[in-house]
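Single-structure report; data block below.
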Amino acid sequence: MAVTGAIPKYISVGAIIEEGFDFDDLKKIVQAMAAAANEAGVKIVTGDTKVVGKGQADGIFINTAGIGELIGGVDISAKNVRAGMKILVSGTIGDHAATILSERHGLELPENIKSDCAPLNKMIFEMLTVEPKIAMLRDATRGGIAAILNEIATAANVGIVLEENKIPVREEVRGVCDILGFDALELANEGKIIAVVPAESAEKILAAMKNFEYGQNAAIIGEVTEKFQGKVGMKTNIGGLRIVDMPVGELVPRIC
């Protein structure tokens, strides 16, 4: 909701709970939801629960729906993306998927590597306050930044060129990718956004992002170009240029 240029206000919560689900686990989930809503400044205003028989659900399923208020003067759309604009990412990529994959494959990660689930609405509001003419915002979830940037390039009929040495990736996440054969650009995130912004505003938007906990590792990672329409390329650390394709096959899980 925030990446569409709206202020999230209220959400509903529905839960389908399997018979025999541990009550202490349910309590932890509800408390975590309350804490997350409080941090985001969003009110949980309604909900429902259904209990199904043993074996009819995978423990618990939770779904939400939200209502927000559009910010006046903001127009988030691929049609506004133009050559010369800068590409920003709000932080290190791949943390969420690396955490899930490591857990599944029995790999040990340092404690600082964990899911990046985070409320970004306050940071995004500040970004739009600094520059209402931000062209595009997307949360880099399924398919990672590779999928999101390819979708933007195709929708806007532009090219995008990234700089490998400017993309923030934790060394531990690189290690997981090396071991399991993944590309960090394709790893799912839960608390990271991509922003396409006017070049003249890029630095002040970046500074605004870095004022927030969830934007400390934000970076300008590339720019929009008239060349390579519908494609995403990346200048590599060794001076070459490689195509960043849309992910294919089974996507790395994001658990939501």
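Is it true that some residue in segment 232-248 is outside any strand (DSSP E or B), closer than 16 Å to Ile148 by Cα and not aliphatic (A, V, I, L, M)?
Scanning segment 232-248, I find at least one residue that is outside any strand (DSSP E or B), closer than 16 Å to Ile148 by Cα and not aliphatic (A, V, I, L, M), so the answer is yes.
Taking the criterion of being within 18 Å of the chain's Cα centre (by Cα), part of a strand (DSSP E or B) and under 23 Å from Glu151 (Cα atoms), would at least one residue in segment 207-220 satisfy it?
Scanning segment 207-220 turns up at least one residue that is within 18 Å of the chain's Cα centre (by Cα), part of a strand (DSSP E or B) and under 23 Å from Glu151 (Cα atoms).
Could you grab the pairs with beta carbons closer than 6 Å, sequence gap of 6+ or different chains, first residue in segment 180-196 and part of a helix (DSSP H, G or I) and among the small types (Gly, Ala, Ser), second one modelled with pLDDT of 90 or more and surrounded by fewer than 24 Cβ atoms within 10 Å (Cβ to Cβ)?
Sorted first by the residue in segment 180-196, then by its partner, the pairs are Ala184/Val169.
Does segment 94-105 contain at least one residue that is without any contact (Cβ under 8 Å) to a residue 40 or more places away in the chain and among the β-branched types (Val, Ile, Thr)?
Yes, segment 94-105 contains at least one residue that is without any contact (Cβ under 8 Å) to a residue 40 or more places away in the chain and among the β-branched types (Val, Ile, Thr).
Looking only at segment 123-162, which residues are farther than 24 Å from Asn211 by Cβ and over 17 Å from the mean Cα position of the chain (by Cα)?
Ala153, Thr154, Ala155, Ala156, Asn157, Val158, Gly159, Ile160, Val161, Leu162
Condition first: small (Gly, Ala, Ser), assigned to a loop (DSSP other than H, G, I, E, B), farther than 26 Å from Gly175 by Cα and at pLDDT 85 or above. Can you find one or more residues in segment 120-140 that meet it?
Yes, segment 120-140 contains a residue that is small (Gly, Ala, Ser), assigned to a loop (DSSP other than H, G, I, E, B), farther than 26 Å from Gly175 by Cα and at pLDDT 85 or above.
Please work out if Leu149 is assigned to a strand (DSSP E or B) and either in contact with a Leu (Cβ under 8 Å, 6 or more places away or on another chain) or surrounded by fewer than 14 Cβ atoms within 10 Å (Cβ to Cβ) (or both).
In short, no.
Mind listing whichever residues of segment 215-248 are of a type outside the set (Val, Ile, Thr) and either more than 19 Å from Ile93 (Cβ to Cβ) or in contact with a Pro (Cβ under 6 Å, 6 or more places away or on another chain) (or both)?
Asn217, Ala219, Glu226, Lys227, Phe228, Gln229, Gly230, Lys231, Gly239, Gly240, Leu241
Cβ contacts < 7 Å: first residue of a type in the set (D, E, K, R), restricted to segment 119-134; second residue open to solvent by less than 20 Å² (accessible area, probe 1.4 Å) and in a helix (DSSP H, G or I), any location; separation 6+ or different chain. Result?
That search, which allows pairs on different chains as well, returns Glu126/Ala208; Glu131/Ser201; Glu131/Ile205.
What are the residues in segment 100-141 that are touching a Leu at 6+ places or on another chain (Cβ under 7 Å) and buried (at least 18 other Cβ atoms within 10 Å of the Cβ), if any?
Across segment 100-141, the qualifying residues are Leu101, Ser102, Ile124, Ile134.
Please specify each residue of segment 31-49 satisfying the condition of being aliphatic (A, V, I, L, M) and open to solvent by less than 80 Å² (accessible area, probe 1.4 Å).
Hits for segment 31-49 are Ala32, Met33, Ala34, Ala35, Ala36, Ala37, Ala40, Val42, Ile44.
The values are calculated or read from the model by the stated rules, or taken from the named source; none is laboratory data. Just so you know, these numbers come straight off a predicted model, no measurement behind them. Cβ sites come from the backbone with ideal geometry, for glycine too, and all protein chains shown count toward neighbours. Ligands, DNA and RNA are stripped out before the accessible areas are found, and what is left, the full protein with its side chains, is counted by its heavy atoms. Shrake-Rupley method; radii C 1.70, N 1.55, O 1.52, S 1.80 Å.
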